[in-house]
1. Could you please let me know if Lys387 is closer than 25 Å to Asp211 by Cβ, in a helix (DSSP H, G or I), charged (D, E, K, R) and out of contact with any Phe, Trp or Tyr (no Cβ under 8 Å at 6 or more places or on another chain)?
2. I want to confirm something. Restricting to region 91-128 and keeping residues that are modelled with pLDDT of 80 or more, assigned to a loop (DSSP other than H, G, I, E, B) and of a type outside the set (Asp, Glu), which single residue is surrounded by the fewest Cβ atoms within 10 Å (Cβ to Cβ)?
3. On the basis of being aliphatic (A, V, I, L, M) and either loosely packed, with under 10 Cβ neighbours inside 10 Å or at pLDDT 85 or above (or both), does Val67 make the cut?
4. Residues Asp243, Asp248, Asp269: which one is closer than 23 Å to Asp388 by Cα, without any contact (Cβ under 8 Å) to a residue 60 or more places away in the chain and not aromatic (Phe, Trp, Tyr)?
5. Restricting to strands (runs of 3 or more DSSP E) lying wholly in region 274-380: which have 2 or more residues that are among the small types (Gly, Ala, Ser) and either touching a residue at least 40 places away in the same chain (Cβ under 8 Å) or touching a helix residue (DSSP H, G or I) at 6+ places or on another chain (Cβ under 6 Å) (or both)?
6. Considering only residues that are among the small types (Gly, Ala, Ser) and either more than 18 Å from Pro299 (Cα to Cα) or touching a His at 6+ places or on another chain (Cβ under 8 Å) (or both), which ones fall in region 255-289?
7. Check off (1) assigned to a strand (DSSP E or B); (2) hydrophobic (A, V, I, L, M, F, W, C); (3) at pLDDT 90 or above for Leu144 and give me the number that stays unchecked.
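The values are calculated or read from the model by the stated rules, or taken from the named source; none is laboratory data. What you see is a predicted model; the values in this text were computed from it and never measured. Methodologically, a virtual Cβ is constructed for each residue, glycine included, from the backbone with ideal geometry; neighbour enumeration extends over all protein chains shown.
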Amino acid sequence: MSKRLLIPIVVLVSLVAGFGGGLFYAGKLDQVVPAIGNLVSQSANQPKDVNFSEFWDVWKILQESYVDKDKLADKTNLLYGAIEGMVKAVGDPYTVFLRPKEAEQFVQSINGSFGGIGIEIGIRDDVLTVIAPIKDTPAARAGLLAGDKIIKIGDKSTSGMKVDEAVGLIKGPKGTPVKLTYLRNSAKEGKELTIIRDTIKIPSVEWKLVDDHTAYIEMFIFNKNLDDDFDKIAKEVKNSKADRIILDLRNNPGGLLDSAVNIASYFMDPDKVVTVEKFGDGKENVFKTRANGMLKNYPIVIILNKGSASASEILAGALKDNRGAVIVGETSFGKGSVQEVRDLSGGASLKITIAKWYTPKGNSISEHGIAPDTEVKNTEEDTKAEKDPQLEKAKELVNKL
């Protein structure tokens with residue numbers, strides 16, 4: 001049974017993704033990558049409206065004229081390089097070709113248990129970027145921030161590196177170090193940071209009463225534990241003195257789509273649109289709230305930052321469009337697409353974006369993210385001084401609702 005996930009790349013334990021915002025497995029495809037060796041099946045699956053003669057002309061010229069013949073001996077490598085170039089030309093950082101070894105590592109990262117540092121990473125403007133450090137992880141304690149650009153992992157440049165390759169380099173045995181070189185804001189010179197890998201455990205959600213009447217709910221990830229954990233919290237909020245809610249989705253990388261729909265159902269009437277999934281062929285899937293509404297009468301303010309991604313954006317967009325929920329902070333990351341992994345006959349895989357997510361009012365999450373109604377930034381100085389202007393503004397605004 002395939003499962004769609006909305007979590008971008010998170011370097012964790014037993015949760016290490018590569019999901020890029022949504023992912024499920026399709027069946028094995030035959031004859032997509034022809035057998036190499038003597039270049040058999042050269043015309044298998046060749047589209048009739050594309051002339052491949054130029055490709056084979058270049059292949060022939062290389063074989064006949066290139067000076068270093070030994071570099072042409074591995075024809076599989078040449079073919080995979082051509083495929084990688086074609087896939088990269090699409091311009092989507094989440095659509096990637098995985099060579100057999102990379103494909104094997106990718107499956108292991110989903111199913112296995114590894115040490116990590118607790119960051120969510122993705123590609124922004126062709127640069128490997130920290131989407132969010134996860135709370136109480138080695139990355140967060142070391143001081144990495146959302147938006148930091150990782151330019152080296154160890155001594156290896158990340159220029160042109162796939163996210164899946166970066167995940168593989170950052171993961172490693174618990175207790176071992178990994179060195180990252182990063183740029184922050186407009187800095188021209190990178191800073192080095194050595195972080196010790198550890199087992200990463202993430203709470204799904206926590207809450208407390210603030211200002212004597214506001215339920216402050218921090219949601220960290222949309223994982224398999226969230227539904228039960230949030231149901232317990234929703235009942236506690238109902239039985240408390242709280243009469244309004246601040247929902248903090250900062251640095252939340254997303255997770256299960258079903259959980260996003262379930263949580264939205266606590267805040268809205270049934271049968272309200274949460275998100276629309278649109279495919280390239282024009283087909284659409286509409287996801288709607290279920291019968292619940294336990295918290296639908298509570299005024300709500302949502303806090304987002306540039307580390308809020310995918311399922312977080314779906315939930316925030318649904319509450320903004322359906323309930324007029326006030327959003328404070330920064331524009332979210334903008335990760336609203338679904339990837340499908342297709343296994344190829346040579347052991348390689350293609351991770352391909354097959355759909356995009358839209359808010360109930362039709363705004364593309366991938367293209368725009370979720371913009372705040374009131375923009376407030378937390379600076380590095382605020383963090384060092386243990387100040388939180390975004391939360392303070394949220395408290396101010398929720399008291400006016």
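1. no
2. Gly91
3. Here the answer is yes, as Val67 does meet what is asked.
4. Among Asp243, Asp248, Asp269, only Asp243 is closer than 23 Å to Asp388 by Cα, without any contact (Cβ under 8 Å) to a residue 60 or more places away in the chain and not aromatic (Phe, Trp, Tyr).
5. 349-358
6. Hits for region 255-289 are Gly255, Ser259, Ala260, Gly280, Gly282.
7. Going through the list (1) assigned to a strand (DSSP E or B); (2) hydrophobic (A, V, I, L, M, F, W, C); (3) at pLDDT 90 or above, Leu144 breaks only (1).
Residue-by-condition table, conditions (1) more than 27 Å from Lys351 (Cβ to Cβ); (2) of a type in the set (Phe, Trp, Tyr); (3) in contact with a Pro (Cβ under 6 Å, 6 or more places away or on another chain); (4) assigned to a strand (DSSP E or B):
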residue	(1), (2), (3), (4)
Met161	no, no, no, no
Lys188	yes, no, no, no
Leu193	yes, no, no, yes
Asp212	yes, no, no, no
